[in-house]
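For reference, the structure discussed in these notes is given below.
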Amino acid sequence: MTLADTWRQRHPTARIVIFEKEASSIAHGTGRNSGVLHSGIYYGSGSLRARLCVEGQALMKAYAETHGLWLDPCGKLLVPTSESALQTLPLLLERGQANGVTVERVDRQTMLALEPRVETRYGEALWIASTSVVNPKEIAVHLATRLANAGVSLRYSTPVLGMSGRQVTTPEGVIEAGVVVNAAGLYADRVATAAGLQLLYSFQPFKGKYWMHRDPAFRLRRLVYPIPDLNLPFLGVHTAHNAQGQVFFGPSSTPILGRENYRGLAGIELGEGVRLALGLAKKLLLNTNGLRQLAWREAKLLTKAGVASELAGLIRGVAPSDFSESLAKVGIRSQIFDPKAKQLVNDFVILEQDGAVHILNAISPAFTASFAFARYVSDQFLTTTLR
Ligand SMILES: Cc1cc2nc3c(=O)[nH]c(=O)nc-3n(C[C@H](O)[C@H](O)[C@H](O)COP(=O)(O)OP(=O)(O)OC[C@H]3O[C@@H](n4cnc5c(N)ncnc54)[C@H](O)[C@@H]3O)c2cc1C
C-alpha cells in the first residue's frame, strides 16, 4: 500500500495531495524497472533494504493477487560465474538466511530441472523460490487510479519548485501542509536541499540499459542472476522477462552526467554535468569504491558481444546476433555518494527536518520494498512530524 493509503487509514479525514512533475507516475524509476520482487538476500543484515524488502515483497505479491494483476512466481537462480563468485556463494546463502529468506543450495541436476538453459559450469547455484515478477507500470497505474477514486488529489504536471518547512511551492501557488514527504526519486536530494537541508551527500546517477532477445519464441522459465561481487553495489547482468514472455538482458551500470540522461546527451544540465564529470574523474583516479573495476566492466557492456560474454556464464546459447537492434529499456538509479566515507551509499536514507520527511537513495529494491517502506515512514516519522 502507498503512503497515502497508510495515512488515510490512520487519518480518515485528512486531505492528501500528491504533486508529480510528469503527466503520469511511471515516467521514471517506477515505470522503468524490471518488476522483480526481490527476496532480500543481497542486503546487509539489519539494513533497511533487507528488512523492508522482505516485508515489502510479500505485501506487493498479496496486492497483485488480490487485484488480479500480473504476477509470475517464477523464482530465481543465482549462478556463480567465476571462482571468486563460487567463494561468495556460501556467504550470500548465510546473508539470505540471516535476513529470513528461504534459499536453497542446489546441484547441477536441480539447476537444469528448474531452468534447462542455465549454465552449470560450477555445478551449483542458489535457488530462491519466492522471487516473483510483476508489471511495475500496471501496479503503479492501479494504485494511482485507486487513490484518485478514494479522493486523494493527484496533481500531474505540477512540479514542486520549493519547500520551506511545511510550505510547498508549485506553479499553482503555495500550500501549507500538516506533513510533507519528499519522495522525488532522482530529484529527492535537490528538493531536500531546496528545503534547506544541509546534505552531506552528493548525487551520482547510474544508467541501466537492457537489451531484448529478438526471437519472440525464446523463453526462460526462471530469473537467472549471477552471484554478485559483494564489494560492488550492483547485481550484475542478468535476465528479466515481462507478461508477454519477452526476455531482456541487463542492466549496465554506467555512471552518467544527468539525472534524466536516458538517451544521447539529452537530460544533461551543463553545470551539474561538469560537476558530475569532475567528481567521476576524481573517483576514478582514487579508485573510490572499486570504480575502476566497474568502469572496466562497463566498457565491456558497451557492445552486444560484451553483454553476450557476461551472459555466457549464466545461460547457454545466446549470441550477440540474438539481441534486438536498439536498446529495449533504460532506467536511472537515484544513487547518492558519501564523500566523507568515500562510498556509494548502500541503504535507503530517510531524513527529517522542520516537519518534512525526505526519502533519499531510493535505489533497488525500493520498488519491491515500497509498501513496507510506506508503513515504516508512517510509523517512524510522520507521527512525530505531525503538528
Ligand atoms: C535499471 C533499473 C532496474 C530496476 N529494477 C528493479 C526491480 O526489478 N525491482 C525493484 O524492486 N527495484 C528495481 N529498481 C529500483 C526501482 O526502480 C526504484 O528504486 C524505485 O522505482 C524508486 O521509486 P521512487 O518512487 O523513489 O522514484 P520514481 O518512480 O522515480 O518516482 C519519483 C517521482 O517524483 C517525481 N518528481 C521528481 N522531482 C519532482 C518535483 N520537483 N516535483 C514533483 N514531482 C517530482 C518524478 O517525476 C517521479 O515520478 C530498478 C532500478 C533501475 C535503475
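The values are calculated or read from the model by the stated rules, or taken from the named source; none is laboratory data. Here the structure is a predicted model, which is why all the values come from computation and not from measurement. Positions of Cβ are backbone-derived with ideal geometry, glycine not excepted, and every protein chain shown enters the neighbour counts.
A single member of GLY100, GLY68 is free of Cβ contacts under 8 Å to residues at least 12 places away in the same chain, farther than 16 Å from PHE371 by Cβ and surrounded by fewer than 16 Cβ atoms within 10 Å (Cβ to Cβ), and it is GLY68. Against the test of being farther than 20 Å from ALA125 by Cβ and more than 12 Å from the ligand (Cβ to nearest atom), the options LEU52, LEU71, LEU77 yield a single qualifying residue, LEU71. Screening the range 321-356 for residues that are among the charged types (D, E, K, R) and under 23 Å from the mean Cα position of the chain (by Cα) and picking the one that is surrounded by the fewest Cβ atoms within 10 Å (Cβ to Cβ) gives LYS342. Of the strands (runs of 3 or more DSSP E) entirely within the range 279-363, none holds at least 3 residues that are away from the ligand (no atom under 13 Å from the Cβ) and closer than 25 Å to LEU223 by Cα. Only a single criterion out of (1) more than 16 Å from the ligand (Cβ to nearest atom); (2) touching a residue at least 24 places away in the same chain (Cβ under 8 Å); (3) of a type in the set (S, T, N, Q) is not satisfied by SER153, namely (1). Does ALA150 count as modelled with pLDDT of 95 or more and not aromatic (Phe, Trp, Tyr)? Answer is no for this residue. Exactly one residue out of GLU260, GLU310 is in contact (Cβ under 8 Å) with a residue 60 or more places away in the chain, under 29 Å from TRP70 (Cβ atoms) and buried (at least 18 other Cβ atoms within 10 Å of the Cβ), and it is GLU310.
From VAL101, VAL181, VAL141, VAL134, grab the single residue that is within 16 Å of the ligand (Cβ to nearest atom), among the aliphatic types (A, V, I, L, M) and farther than 21 Å from HIS38 by Cα. First the steps, then the outcome.
Details: VAL101 fails: farther than 21 Å from HIS38 by Cα; VAL141 fails: farther than 21 Å from HIS38 by Cα; VAL134 fails: farther than 21 Å from HIS38 by Cα.
Being within 16 Å of the ligand (Cβ to nearest atom), among the aliphatic types (A, V, I, L, M) and farther than 21 Å from HIS38 by Cα holds for just one of VAL101, VAL181, VAL141, VAL134, which is VAL181.
Looking only at residues in the range 200-212 that are away from the ligand (no atom under 12 Å from the Cβ) and out of contact with any Pro (no Cβ under 7 Å at 6 or more places or on another chain), the one that is farthest from ASN361 (Cα to Cα) is MET212.
Name the residues in the range 44-61 that are under 14 Å from GLU94 (Cα atoms) and either touching a Leu at 6+ places or on another chain (Cβ under 6 Å) or crowded, with 24+ Cβ neighbours inside 10 Å (or both), would you?
From the range 44-61, those under 14 Å from GLU94 (Cα atoms) are 44-46, 50; that's our starting set.
Selection gives ALA50 alone.
Limited to the range 73-83, what total is found for residues that are of a type in the set (A, V, I, L, M, F, W, C) and in a helix (DSSP H, G or I)?
Filtering the range 73-83 down to residues of a type in the set (A, V, I, L, M, F, W, C) leaves 74, 77-79.
Checking the rest, the ones that are also in a helix (DSSP H, G or I) come to none.
Matching residues across the range 73-83 total 0.
Here VAL160, VAL118, VAL106 are screened, and the one residue that is surrounded by 14 or more Cβ atoms within 10 Å (Cβ to Cβ) and closer than 30 Å to THR6 by Cα is VAL160. For the range 93-144, the tally of residues that are farther than 14 Å from GLY40 by Cβ and of a type outside the set (Lys, Arg) stands at 30.
Checking the conditions here, which among THR6, THR66, THR13, THR30 is within 10 Å of the ligand (Cβ to nearest atom), among the hydroxyl-bearing types (Ser, Thr, Tyr) and more than 25 Å from ARG316 (Cα to Cα)?
Criteria check complete, one pass: THR30.
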